[in-house]
1. Got the relative contact order for the chain handy, in percent, Cα pairs under 8 Å and 6 or more residues apart?
2. Using Cβ contacts closer than 10 Å as the measure, can you line up Tyr16, Tyr114 from fewest to most?
3. Take the alpha carbon atoms of segment 217-254, find their center, do the same for segment 135-208, and report the distance between the two centers in whole angstrom.
4. Using 0.36 nm per residue, how much length does the chain from Glu197 to Arg235 gain when fully extended, once their Cα-Cα distance is taken away?
5. Ranked by Cβ crowding within 10 angstrom, fewest neighbours first, how are Met84, Met60, Met209 ordered?
6. What ranking of Leu145, Leu37 emerges when the number of other C-beta atoms within 10 Å of each C-beta is taken as an exposure proxy, fewest first?
7. Separation between the Leu39 and Asp132 pseudo-spin-labels, each 7 Å from Cα along Cα→Cβ, expressed in nm?
8. Regarding segment 174-261, what whole-number volume in Å³ per residue does the convex hull of its Cα atoms give?
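Any read-out appearing in this document is the output of simple, stated calculations on the displayed coordinates, not a laboratory observation. Treat the numbers as computed from the prediction; the structure is a model and nothing was measured. When we count neighbours, we look across all protein chains shown, and the Cβ atoms used for this are built from the backbone with ideal geometry, even at glycine.
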Amino acid sequence: MQKTNNKATMKRVLKYIRKYTPALVLSLLLAGLTVLLTLYIPILTGNAVDLIIGKGQVDMPGIFAIMKKIAIAMIITAVGQWVMNTCNNYITYHVIRDIRTDAFAKLEILPLKYLDAHAYGDIVSRVIADVDTFADGLLMGFTQLFTGVLTILCTLGFMLVTNVPITLVVVCITPVSFLVAKFIATKTYSMFKEQSETRGEQTSLIEEMIDNQKIVNTFSRGEAVKSKFGEINGRLQKCSLKAIFFSSITNPATRFVNSLV
């Protein structure tokens with residue numbers, strides 16, 4: 001059931017992204033360019049080191065020529081990354097705008113029984129807080145996923161040209177990092193889901209109690225509301241801490257595996 005929901009969600013996200021195909025294609029092309037130049041700079045550095053044979057045996061003209069190439073590559077890489085990030089931001093925030101526009105349009109045609117059955121604060125939390133979280137994830141995916149995948153593929157290509165046996169060892173060990181990341185992501189999914197639900201419950205309580213503050217004071221429910229808010233806030237603190245902590249393990253865990261590689 002979860003896999004089916006994920007596929008359906010991914011299709012809906014791709015439907016929104018499809019409107020901005022030119023910016024997406026440009027971002028992919030720039031990601032490829034920056035990755036190739038980033039991998040080309042160490043090769044140029046190695047060529048420069050090869051020109052330093054020993055004392056009094058340094059090919060300075062050759063080194064300066066290589067340094068010029070490195071400088072040009074760095075400038076092109078910096079400009080390419082800036083334009084790529086601009087494209088990624090453009091896609092992300094326009095997709096979020098479209099999602100929120102559709103969400104508000106959907107709310108306008110929903111029957112009253114739906115609004116009566118769901119807390120106002122929970123709906124607000126989903127449209128605002130959850131969409132903001134989605135925006136952060138989408139931007140990170142555009143920024144890191146493209147370059148990460150291309151870096152892996154290009155690196156393997158360079159390694160195959162250099163040394164086939166070592167490349168085979170790396171290919172065999174690298175999937176371990178993906179398995180570790182998948183394991184952590186699967187475990188943290190339920191934690192983030194709980195965080196989202198608890199945040200919606202808290203927002204709902206805040207919206208309803210503040211809007212009806214006079215009624216709350218009339219019936220002397222102030223202390224009871226404070227107590228309930230404290231209980232919800234405590235649960236949100238715990239589930240948020242767990243979700244953020246365990247999701248943060250992904251980076252150091254995969255870096256550890258990469259260091260082994």
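1. On the way: 169 pairs, mean separation 58.4, N = 261.
Reported as a whole number, the value is 22 percent.
2. Details: Tyr16 17, Tyr114 10.
Listing Tyr16, Tyr114 from fewest to most nearby Cβ atoms yields Tyr114, Tyr16.
3. Centre-to-centre distance over Cα atoms comes out at 26 Å.
4. Details: separation 38, 0.36 × 38 = 13.68 nm, distance 1.07 nm.
Separation in residues times 0.36 nm, less the Cα-Cα distance, equals 12.6 nm.
5. Final ranking by Cβ density, sparse to dense: Met60, Met209, Met84.
6. On the way: Leu145 11, Leu37 20.
Least to most surrounded, the residues fall as Leu145, Leu37.
7. With each label placed 7 Å out from Cα toward Cβ, I get 3.9 nm.
8. Values: hull volume 6.0 nm³, N = 88.
Spelled out: Cα convex hull of segment 174-261, divided by residues, is 68 Å³.
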